[in-house]
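Asks: Shown below is the structure under consideration.
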Amino acid sequence: MNIRELKSVANAIVARQKGVLAADESSPTIKKRFDSIKIESTEENRRRYREILFTTEGIERYIGGIILFDETLRQRTRDGTLFAKLLSSRGIAPGIKVDKGAKALALYPGDKVAEGLDGLRERLAEYKQLGAKFAKWRAVIEINEHDIPSAFGIRANAHALARYAALCQEIDLVPIVEPEVLMDGTHDIDRCEVVTSRVLEAVFAELDAHRVVFDGMLLKPNMVIPGMKCPQQAGVQQVAEATLRCLRRYVPAAVPGIVFLSGGQSAEDATDHLNAMNAMGPQPWQVSFSYGRALQAPVLAAWKGQESNVAAAQKALLKRCQLNGLARDGKYARAMEAGE
Ligand code: 5MM
């Protein structure tokens, strides 16, 4: 393991004003996104769309890494350049999603566990050859009003995340460790904080037991936020305070960066929450973003699959990147949404 190399890639991804664009939608997820704008999910349409994202001028000032799906890592621009090569040449680290999705955890009704460990060492070696500098594994934790997630469900996901992270570091790929406590449901912010705390505690215990070097990884957690159907929604400051309280208790200071997922928040809310946390800084780690929907929803809405809308789509992406770049410094204000 080359710890210097791991640290340097991790630090570059969360350099000042920078974060991650999550463009690693699996085939079923990208189909859902395309359905919403009435575009057929063909391989060429997926390639075209990703080319729009990756060739947007100026995003390299705010985006340190982009997470790709297996198919995308093998695709090329219209003029034949591998996407991974294009991104590296622009100073953006290409990454790869390596989990194979959440499946029902046997004998634990209601719990899920992410699969994909079998053959992972060989897959990582191939991804590295294809130009990946980091990887990502997403564990999905659902909350219900009673007994989900179970303590064992949390442990099983934490164990898989740590096995994955150790395999990444063995081959000098920076692992992004993503335990996502979903915001689906009616639970309140306190329950989200309790579950997120238990999850992070278990994840770092397993990472430590697996000898994962904290300095050479990034954490991609959910924010502490009420369920979408909770009647008691929380204000921006409340979310920022609860999230930081939880992370400061359970995330070691050696971790270079926290890159939040957006999880179904609106683009504006995700930026506002990130901004509030940075305004309360400094924190022991870089506090940044790895948004999928919160960066891409405005892009899809502007593009609608039309060649004539490409410039508008790229403008929408650059705008979100710029605003999140400002939020990295605590300098974003909601009023900026109206401007260019
Ligand atoms: C972009 O979506 C990623 C892949 O999801 P599927 O396996 O469901 O296709 C996902 O892991 C994403 O990176 C994170 O959930 C963050 O995205 P959001 O939209 O929550 O910011």
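Asks: Do we find a residue being in contact with a Pro (Cβ under 8 Å, 6 or more places away or on another chain) and assigned to a helix (DSSP H, G or I) anywhere in region 256-267?
Replies: yes
Asks: Suppose we keep only residues that are assigned to a helix (DSSP H, G or I) and either within 12 Å of the ligand (Cβ to nearest atom) or without any contact (Cβ under 8 Å) to a residue 60 or more places away in the chain (or both) within region 282-299. Which one would you say is surrounded by the most Cβ atoms within 10 Å (Cβ to Cβ)?
Replies: Only one residue tops the list, namely 295.
Asks: Somewhere in region 50-60, is a residue within 22 Å of the chain's Cα centre (by Cα), surrounded by 15 or more Cβ atoms within 10 Å (Cβ to Cβ) and among the small types (Gly, Ala, Ser)?
Replies: no
Asks: Something else: Give me a count of the residues in region 259-272 that are under 14 Å from residue 240 (Cβ atoms) and within 15 Å of the chain's Cα centre (by Cα).
Replies: Total satisfying the criteria: 4.
Asks: Would you pick out the residues in region 115-150 that are of a type in the set (D, E, K, R), more than 16 Å from the ligand (Cβ to nearest atom) and either part of a loop (DSSP other than H, G, I, E, B) or surrounded by 16 or more Cβ atoms within 10 Å (Cβ to Cβ) (or both)?
Replies: Scanning region 115-150 gives 118, 128, 133, 145, 147.
Residue by residue, here is whether (1) closer than 16 Å to residue 177 by Cβ; (2) of a type in the set (Val, Ile, Thr) holds:
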| residue | (1), (2) |
| --- | --- |
| 46 | no, no |
| 52 | no, yes |
| 64 | no, no |
| 100 | no, no |
| 105 | no, no |
| 126 | no, no |
| 136 | yes, no |
| 142 | no, no |
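Asks: Same structure, new question: What single numbered condition from (1) part of a helix (DSSP H, G or I); (2) more than 22 Å from residue 17 (Cα to Cα); (3) not aliphatic (A, V, I, L, M) fails to hold for residue 187?
Replies: So the condition that residue 187 fails would be (1).
Asks: Now for a different question. Select, from 99, 79, 35, 70, the only residue that is within 16 Å of the ligand (Cβ to nearest atom) and either more than 18 Å from the chain's Cα centre (by Cα) or under 26 Å from residue 308 (Cα atoms) (or both).
Replies: 35
Asks: Just the residues that are farther than 21 Å from residue 262 by Cα and within 16 Å of the ligand (Cβ to nearest atom), please, taken from region 151-167.
Replies: Those that are farther than 21 Å from residue 262 by Cα and within 16 Å of the ligand (Cβ to nearest atom): 160, 164, 165.
Listed here are the residues, each with its yes/no results for (1) touching a Phe, Trp or Tyr at 6+ places or on another chain (Cβ under 8 Å); (2) within 14 Å of the ligand (Cβ to nearest atom); (3) basic (Lys, Arg); (4) more than 18 Å from residue 166 (Cα to Cα).
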| position | (1), (2), (3), (4) |
| --- | --- |
| 194 | no, no, no, yes |
| 253 | yes, no, no, yes |
| 266 | no, yes, no, yes |
| 269 | no, yes, no, yes |
| 280 | no, no, no, yes |
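Asks: While we're here: May I ask you to list pairs of residues, at least six apart or on different chains, whose Cβ atoms are under 7 Å apart, with the first in region 263-276 being within 13 Å of residue 322 (Cβ to Cβ) and at pLDDT 95 or above and the second being surrounded by fewer than 23 Cβ atoms within 10 Å (Cβ to Cβ) and not aliphatic (A, V, I, L, M)?
Replies: 267/298; 275/330
Asks: For region 1-59, list the helices (runs of 4 or more DSSP H) that sit wholly inside it and hold at least 2 residues that are within 18 Å of residue 73 (Cα to Cα); which are they?
Replies: Hits in region 1-59: 27-36, 43-54.
Asks: Quick check on residue 112: is it more than 18 Å from residue 176 (Cβ to Cβ), surrounded by 15 or more Cβ atoms within 10 Å (Cβ to Cβ), within 16 Å of the ligand (Cβ to nearest atom) and not aromatic (Phe, Trp, Tyr)?
Replies: yes
Asks: Restricting to region 160-188, count the residues that are at positive phi and either crowded, with 24+ Cβ neighbours inside 10 Å or modelled with pLDDT of 95 or more (or both).
Replies: Counting residues in region 160-188 that are at positive phi and either crowded, with 24+ Cβ neighbours inside 10 Å or modelled with pLDDT of 95 or more (or both) gives 1.
Asks: Would you please list the contacts, defined by Cβ atoms under 8 Å and residues six or more apart or on different chains, that run from a residue in region 35-58 that is on the phi < 0 side of the Ramachandran plot to a residue that is loosely packed, with under 12 Cβ neighbours inside 10 Å and assigned to a helix (DSSP H, G or I)?
Replies: From region 35-58, the pairs are 41/35.
Asks: Right, next: If the requirement is being part of a loop (DSSP other than H, G, I, E, B), surrounded by fewer than 24 Cβ atoms within 10 Å (Cβ to Cβ) and of a type outside the set (Val, Ile, Thr), which of these qualifies: 234, 240?
Replies: Only one candidate passes the filter, namely 234.
Asks: Report yes if some residue within region 157-166 is touching a strand residue (DSSP E or B) at 6+ places or on another chain (Cβ under 9 Å), outside any helix (DSSP H, G or I) and within 30 Å of residue 189 (Cβ to Cβ); otherwise report no.
Replies: no
The values are calculated or read from the model by the stated rules, or taken from the named source; none is laboratory data. All values derive from a computational prediction rather than experimental measurement. Note: ideal-geometry Cβ built from the backbone for every residue, glycine included; neighbour counts use all protein chains shown.
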